[in-house]
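**Student:** Got a structure here, written out as structure tokens. Questions coming.
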Amino acid sequence: MQNIITTLKKLFYLWRRSQVPVKQSIKISKIDNLIIFLVCILISIISSYKLLLISPLNIADIFSWFLTFTEVLISSGVLILVSKKENPTISSRQIFLIITLLLAVQVTKLALASTISPLSMIIPPALIISQGMGSMTALAWVSIASLIWPDPEIVINNNLFFILLVCASIVSLLGGRIRSRAQLLQLSIFVPIGSFLSQWILISKDKISLINNQNFVSSYGDIFSDSLVLAIAMLFTILFIPIFESIFGLLTKARLLELADKEKPLIRRLSLEAPGTFEHTLLICGLAEEATRMIGGDIDLIKTGALYHDVGKLHAPNWFIENQDGSKNPHDELDDPIKSAEVLQAHVDEGLKFARKNRLPKLIANFIPEHQGTLKMGYFFQKAKEKNLDINENYFRYKGPIPQSKETAILMLADGCEAALRAMNINASDKEALKTISNIIYSREKDGQLDDSNLSKGEIFLIKRAFLNVWKRIRHRRIQYPTSKNNTFS
């Protein structure tokens, strides 16, 4: 019996070690929580107050109002929990946006439900939420916004309600995956067309003649007008998404791709003033992108974050080995390990200044300090020991924080492995390369750099294989072609 219990304990331990660590949500201040709670109360009041206008009012009516009020309040709370579950780093501004959009829809229902199609009320906000906070949050928002109607007298046709849910779900799912403004434009055209055809087939095909154009526009439910209003609303939503990105700190796929453009001034400046750092950045991008793809992470996020992670080196490019021509090293002339360590830390501090100056989103700016975490500057610490300087090891550690996401952790690992893999002999075996990768990753794990990254053991294994695959692609021989006096063979 003891052996069975011991075996079960071992299995449970191994299972627990294999699971992804639970990612803690960012704490929101009490004032922000109070404001969000008050907005939820307001949504509940708007959604249920008409139940108290019944005359004469009895206990059953009050109980019915209380149930509706509580249901709306709990639904709002569930929506917030879903958004936090999908985005542990979600900010109070973004939660406020979700709740405010729900409030705006409830007010619109109350004021204009008899004149505006529910599709035009529900679908545009769903597009904003799916773009900025993900498909699951958008689907939860659509579910709550579609089911809670403040006026019990307003009855939606069952077929229209079905069309609403289908169209809103499509927008929520596709909105979280769309990677360009052009695709958003296509969505804003095809969804209204789809809703128009669906309404014509399911609701009023027997009442509408395609020949009588006037009747076609002004018939039951004004389905042509409703679809046109929906298309216009979605187009305006696309125009205002950049404003929402700026005000509420949303980071959409389209925004990430725009930031990843190598003609952006900051990236262009990096390529001109610190070409070695720029080439190092591109190599890291290849490693990090492959590893992120392997574990199913956010490829666009890490690709963009990797491009900006070392922009702080622009403050003093020649102090970093990759930008030196080999003639002299400023650190040798300085001959002070402590000040050299300060220069290395400065590339993080200056990078954050560049990020603020260029208004980079917070999720991108996080790559700048987190890719170094609290790693030790081993070379200069060793130099200090050689000089018999009695100083604390912490003076030679970056300020951090350690990686707070999978993507920043992968970038840290790619940053550590890139130089080692490039320096390996072209004849080195896959086993040797994998050993080098494993040693570097293990050292980061042992140092506690991955504790908050949410990476599981299985994902770390996949990252190692991804790095090895990239190394195998870039390690190749080139044939030295014969040359003659007059021409060169390619």
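Read the figures in this text as sums done on the coordinates, not as results from a lab. Treat the numbers as computed from the prediction; the structure is a model and nothing was measured. Note that we place each Cβ from the backbone using ideal geometry, even for glycine, and neighbour counts take in every protein chain shown.
**Student:** Looking only at residues in the range 238-291 that are outside any helix (DSSP H, G or I) and of a type in the set (Lys, Arg), which one is nearest to residue 92 (Cα to Cα)?
**Tutor:** As a first pass, look at the range 238-291 and keep what is outside any helix (DSSP H, G or I): 249-252, 260-264, 274.
Keeping just the survivors that are of a type in the set (Lys, Arg) gives 262, 264.
On the way: 262: 32, 264: 30 Å.
So, considering only residues that are outside any helix (DSSP H, G or I) and of a type in the set (Lys, Arg), the one nearest to residue 92 (Cα to Cα) is 264.
**Student:** A further question on this structure: Could we say that residue 376 is surrounded by fewer than 22 Cβ atoms within 10 Å (Cβ to Cβ) and closer than 23 Å to residue 438 by Cα here?
**Tutor:** Against the criterion (surrounded by fewer than 22 Cβ atoms within 10 Å (Cβ to Cβ) and closer than 23 Å to residue 438 by Cα), residue 376 qualifies.
**Student:** Under 9 Å between Cβ atoms, which residue pairs at least 6 apart in sequence (or on different chains) link something in the range 339-358 that is in contact (Cβ under 8 Å) with a residue 24 or more places away in the chain and farther than 16 Å from residue 378 by Cα with a partner that is of a type in the set (Gly, Ala, Ser) and surrounded by fewer than 16 Cβ atoms within 10 Å (Cβ to Cβ)?
**Tutor:** Partner pairs satisfying both residue conditions: 346/316; 347/316; 350/316.
**Student:** So, restricting to helices (runs of 4 or more DSSP H) that lie completely within the range 78-166, which ones have at least 1 residues that are under 19 Å from residue 198 (Cβ atoms) and touching a Leu at 6+ places or on another chain (Cβ under 7 Å)?
**Tutor:** Details: elements: 92-112, 118-133, 135-147.
Once the helices (runs of 4 or more DSSP H) in the range 78-166 are filtered for at least 1 residues that are under 19 Å from residue 198 (Cβ atoms) and touching a Leu at 6+ places or on another chain (Cβ under 7 Å), what remains is 118-133, 135-147.
**Student:** Something else about it: May I ask you to list the residues in the range 52-95 that are among the hydrophobic types (A, V, I, L, M, F, W, C), under 37 Å from the mean Cα position of the chain (by Cα) and either crowded, with 16+ Cβ neighbours inside 10 Å or farther than 29 Å from residue 453 by Cα (or both)?
**Tutor:** Within the range 52-95, 67, 69, 72, 73, 74, 79, 80, 82, 90, 95 meet the criteria.
**Student:** Can you give me the number of residues within the range 168-203 that are outside any helix (DSSP H, G or I) and touching a helix residue (DSSP H, G or I) at 6+ places or on another chain (Cβ under 7 Å)?
**Tutor:** 5
**Student:** Another one. What is the number of the single condition among (1) touching a Lys or Arg at 6+ places or on another chain (Cβ under 8 Å); (2) loosely packed, with under 14 Cβ neighbours inside 10 Å that residue 294 does not meet?
**Tutor:** (2)
**Student:** Also, quick follow-up: Can you confirm whether the range 121-139 contains a residue that is over 25 Å from residue 235 (Cβ atoms) and surrounded by 17 or more Cβ atoms within 10 Å (Cβ to Cβ)?
**Tutor:** yes
**Student:** Could you pull out the residue among 404, 382 that is more than 24 Å from the chain's Cα centre (by Cα) and not aliphatic (A, V, I, L, M)? Step through it out loud before you land on a result.
**Tutor:** Details: 404 fails: more than 24 Å from the chain's Cα centre (by Cα).
On inspection, the qualifying residue turns out to be 382.
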